[in-house]
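The values are calculated or read from the model by the stated rules, or taken from the named source; none is laboratory data. Owing to the predicted nature of the structure, the values given are computational and were not obtained by experimental measurement. Cβ placement follows ideal geometry from the backbone for every residue including glycine, while neighbour counts extend to all protein chains displayed. These area figures cover heavy atoms from the full protein model, side chains too; ligands, DNA and RNA do not enter into them. Shrake-Rupley method; radii C 1.70, N 1.55, O 1.52, S 1.80 Å.
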Amino acid sequence: MLNSTHNVENPIFQKNFFNDFQAIIKKTGGAKDPQGKPIQIKEFSKCDFRTIFEHYEKLRAEKKAMSAAEKKAAKAEKDAAEAPYMYCMWDGRKQKVGNFRVEPPALFRGRGEHPKTGTVKTRVMPEQITINIGKDAPVPAPPEGHRWKEVRHDQEGTWLAMWQENVNGNYKYVMLAANSDVKGQSDYKKFEKARELKKHIDRIRKDYKKGLKDELMVNRQRATAVYLIDQFALRAGNEKGEDEADTVGCCSLKFEHVTLKPPNTVVFDFLGKDSIRYYDEVEVDPQVFKNLKIFKKPPKKEGDEIFDRLTTSALNKHLSSYMPGLTAKVFRTYNASYTMATLLKKMSATGTIPEKVKQYNDANREVAILCNHKRTVAAGHADQMEKLSDRVSKQPFITSYLILDQLAISRKQPI
DNA sequence: ATTCTGACTTGTTCGAATTGTT
DNA sequence: AACAATTCGAACAAGTCAGAAT
C-alpha cells in the first residue's frame with residue numbers, strides 16, 4: 001500500500017475498499033470513539049489511515065537501521081523458516097516449489113478500470129484449501145484446530161495446493177517453480193509446438209488468404225481473424241464478463257477499435273491484456289480491408305463486435321485441424337521466436353562485446369514491439385524521460401520467448 | 001450451442017538484492 | 001558508509017483454452 005497512490009486515488013478503488021471496510025467494521029462489533037461510545041463511519045474522505053501507514057513506515061525504518069550483521073542474522077532465520085517448504089518430491093525427484101505461500105489478505109489491485117479494484121481480498125483459511133499429494137505421502141498437517149477442505153491424489157494435475165480467491169472467484173494454485181522439471185518440460189513443448197507450426201505456416205497462410213473471399217460470412221470472419229493474429233500478433237480475445245476490466249483481443253474487437261483509412265490502412269486502437277493500449281496504424285491486404293469494411297457495415301455500430309460470427313473456440317477448433325494442438329497463442333510464440341531468430345542470424349558476429357550486446361538488445365526490443373510489451377515508466381522519471389507517450393518500451397524484458405534465442409545462440413557457438 | 005469450471009501460461013509490477021556513485 | 005540507480009526474482013493479476021455441465 002505504501003507505494004500505491006495511483007490506486008489509492010482511484011475513486012472506484014476508494015468506493016470498493018470503503019464498502020468492504022464498513023462491512024468488516026460492522027461485523028467485528030462496530031467502531032467506537034475514544035470514550036468507547038459506538039459511532040458510525042460514513043465517509044471515506046474523513047478517515048485518517050495515517051497511523052497504520054506510519055506503523056509500517058516505522059517497521060521499515062527499523063529494518064533499515066539494522067546493522068549488517070543483524071540483517072544477515074534475520075535473513076538466515078527467514079531462510080531457515082522457509083527451508084522445509086521450498087522443495088517437494090515429485091515422482092521420486094526433488095523439485096523446487098514456486099509459490100509455497102498462500103496469498104495474504106490485501107486490497108485487490110485490479111489493473112485498468114477493473115470494477116472490483118480496491119475490494120478486500122480476505123485471508124484464506126485452511127478449510128478453503130485443497131491439497132494434492134501422492135497417495136502414500138504423509139499429508140502436511142493443517143494449522144492447529146483446522147482442517148483442509150479436501151485432500152486429493154490427482155496424478156495428472158501439476159498443482160500441489162489450490163484455493164479460490166474471494167474477489168473474483170479465481171482459482172489460485174501452488175505449483176512448481178519455473179526451473180523445475182515439469183515446468184521446463186512444458187516450456188520445451190511450447191517451443192516445439194511453435195517450431196512445428198513452421199512446417200504448416202505456408203499452407204495456413206495460403207488457406208486464409210483464400211478464405212478471405214469465402215462467401216460464407218463465418219469463414220470469411222475466421223480467415224480475417226487468423227490473418228490479424230498471424231500478421232499483428234494479436235491475442236485470441238475471449239469474451240469477458242461484466243465484473244472484469246473491459247479489454248479485448250482479436251475475436252472480441254469492437255466497432256470502435258478499428259478505423260479504416262482507404263485505400264488499405266487500418267488503425268487499431270484498443271485496450272488489450274492488462275489494459276495496455278494497443279495502437280498501430282498498418283497497411284493490410286486489400287481483401288482484409290474490404291472484409292473489415294463489411295464487418296463494420298451498418299446497422300453495426302459502436303459497441304458491436306466486429307467478428308460477431310466468430311468465437312475463440314471455433315477459431316481454435318479450426319486451427320487444430322491444421323496441426324494438433326495449434327491454437328491462437330502459438331502464433332505469438334512462433335512469430336516472436338521467428339523474428340528473434342531472424343534478427344540474430346542477421347547480426348554480425350564481429351565487433352566488441354558491448355556492440356554485440358546492443359544488437360542483441362535491439363533485436364529483443366523489436367520482438368517486444370511486435371508483442372506490444374510495455375511497462376510503465378517509473379513515476380519519478382516519467383516526465384523527463386518521455387514526452388511522446390506515457391508508456392514506452394525502454395528495455396528488453398522478453399522472458400517467455402527467450403528460450404529459443406538462447407537455443408539459437410548455443411547452436412552458433414557450441415559450449 | 002453456450003456457459004461454466006478448472007488448470008495452466010503470460011505479462012506487469014513490486015520490492016529485495018546488487019551494483020554504482022559520492 | 002550511505003545513498004541512489006539498476007537488475008532480478010517473486011507475486012499475482014489477467015489472459016488462453018479444453019472439457020464438463022447445462
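For A:T117, the conditions (1) within 16 Å of DNA strand C (Cβ to nearest atom); (2) in contact with a helix residue (DSSP H, G or I) (Cβ under 7 Å, 6 or more places away or on another chain); (3) of a type in the set (S, T, N, Q); (4) not assigned by the TED database to the domain that holds A:N166 are fulfilled apart from (4).
For A:A23, state whether it is closer than 30 Å to A:M162 by Cα and at pLDDT 90 or above. So A:A23 passes the test.
On the stretch given as region A:68-108, residues that are within 13 Å of DNA strand C (Cβ to nearest atom), in a loop (DSSP other than H, G, I, E, B) and open to solvent by 70 Å² or more (accessible area, probe 1.4 Å) total 2.
Of all the listed residues (A:V174, A:V124, A:V151), the sole one being modelled with pLDDT of 95 or more and either within 30 Å of A:E9 (Cα to Cα) or among the charged types (D, E, K, R) (or both) is A:V124. Any residue in region A:236-243 that is farther than 29 Å from A:Y338 by Cα, within 10 Å of DNA strand C (Cβ to nearest atom), assigned to a loop (DSSP other than H, G, I, E, B) and of a type in the set (A, V, I, L, M, F, W, C)? For region A:236-243, residues farther than 29 Å from A:Y338 by Cα, within 10 Å of DNA strand C (Cβ to nearest atom), assigned to a loop (DSSP other than H, G, I, E, B) and of a type in the set (A, V, I, L, M, F, W, C): absent. Based on this model, can you work out whether A:K240 counts as open to solvent by 60 Å² or more (accessible area, probe 1.4 Å) and of a type outside the set (G, A, S)? So A:K240 fits the description; yes. Residues that are of a type in the set (S, T, N, Q), open to solvent by less than 40 Å² (accessible area, probe 1.4 Å) and touching a residue at least 40 places away in the same chain (Cβ under 8 Å) within region A:109-157 comprise A:T117, A:T119, listed in sequence order.
How about region A:258-296: which of its residues are open to solvent by 30 Å² or more (accessible area, probe 1.4 Å), under 19 Å from A:A236 (Cβ atoms) and more than 27 Å from the chain's Cα centre (by Cα)? Answer for region A:258-296, where residues must be open to solvent by 30 Å² or more (accessible area, probe 1.4 Å), under 19 Å from A:A236 (Cβ atoms) and more than 27 Å from the chain's Cα centre (by Cα): there is none.
For every residue, the table says whether it meets (1) of a type in the set (V, I, T); (2) not assigned by the TED database to the domain that holds A:G134.
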| site | (1), (2) |
| --- | --- |
| A:T158 | yes, no |
| A:A161 | no, no |
| A:Q164 | no, no |
| A:N168 | no, no |
| A:D181 | no, yes |
| A:K193 | no, yes |
| A:R203 | no, yes |
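Condition check: part of a helix (DSSP H, G or I), farther than 30 Å from A:N168 by Cα, more than 30 Å from the chain's Cα centre (by Cα) and without any contact (Cβ under 8 Å) to a residue 40 or more places away in the chain. Does A:E62 satisfy that? So A:E62 fits the description; yes. Within region A:324-346, is there a residue that is within 16 Å of DNA strand C (Cβ to nearest atom), among the hydroxyl-bearing types (S, T, Y), under 30 Å from A:K189 (Cα atoms) and outside any helix (DSSP H, G or I)? Yes: one or more hits. Here the condition is being open to solvent by less than 20 Å² (accessible area, probe 1.4 Å), in the same structural domain as A:T312 (by the TED database) and charged (D, E, K, R); of A:D246, A:D207, A:D230, it holds for A:D230 alone. With respect to A:V167, is the statement that it is near DNA strand C (Cβ under 9 Å from one of its atoms), surrounded by 15 or more Cβ atoms within 10 Å (Cβ to Cβ) and outside any strand (DSSP E or B) true? Yes: the conditions hold for A:V167.
Taking only region A:167-204 into account, find how many residues are near DNA strand B (Cβ under 9 Å from one of its atoms), of a type outside the set (A, V, I, L, M, F, W, C) and under 30 Å from A:Y322 (Cβ atoms). Residues that pass the stated criteria total 6.
Of the residues that sit in region A:170-200 and are part of a helix (DSSP H, G or I), of a type in the set (D, E, K, R) and open to solvent by less than 60 Å² (accessible area, probe 1.4 Å), which one is nearest to DNA strand C (Cβ to nearest atom)? Show your work before the answer.
First pass over region A:170-200, keeping only residues part of a helix (DSSP H, G or I): A:181-200.
Now narrow it down to the ones that are of a type in the set (D, E, K, R): A:181, A:183, A:187, A:189-190, A:192-193, A:195-196, A:198-199.
Okay, now just the ones that are also open to solvent by less than 60 Å² (accessible area, probe 1.4 Å), so A:187, A:190.
Values: A:D187: 14, A:K190: 11 Å.
Result: A:K190.
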